[in-house]
Amino acid sequence: MASIACQHHVSWVVEVDPGVHQCILCFERVTKNQISPRWEDLPKEFQEHWDRFEAGDHPAAPNPH
Ligand SMILES: [Zn+2]
């Protein structure tokens, strides 16, 4: 595999499967440590949304119990 220097900019990152973020440019699965700008430079609102999604906690999802 060629190593592509993709920055996985947050505007390219989409939610694909439950808890999984994917970069639409390089199709890699990405974590918050791999995206740009750096995680700590992102808005708190973005971070909270990301964490909730990765935890599988969808605010709009119906309660299974
Ligand atoms: Zn990428």
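Express in nm, to one decimal, how much length is gained between Phe53 and Gln34 on full extension, taking 0.36 nm for each residue of separation and deducting their alpha carbon distance.
Working: separation 19, 0.36 × 19 = 6.84 nm, distance 1.63 nm.
Stretched out fully, the Phe53 to Gln34 stretch lengthens by 5.2 nm.
What is the ratio of the Cα radius of gyration of the stretch 10-54 to 2.2 N^0.38 Å, with N the residue count, to two decimals?
1.04
Would you work out the charge dipole size for the stretch 10-54 about its Cα centre, treating the Cβ of every Lys and Arg as +1 and the Cβ of every Asp and Glu as -1, and quote it to the nearest 20 debye?
Details: 5 positive and 9 negative charges, 18 e Å.
Dipole of the stretch 10-54, to the nearest 20 debye: 80 debye.
Run the simple label-point estimate for Phe27 and Asp41 please: 7 Å along Cα→C-beta, distance reported in nm.
2.9
Sequence-distant or interchain residues sharing an amide H contact under 5 Å with Val30, placed H: which?
Here the answer is His21, Gln22, Cys23, since their amide H atoms fall under 5 Å of that of Val30.
Read the figures in this text as sums done on the coordinates, not as results from a lab. What you are looking at is a predicted structure, and each value in this text was computed from that prediction instead of being measured. When we count neighbours, we look across all protein chains shown, and the Cβ atoms used for this are built from the backbone with ideal geometry, even at glycine.
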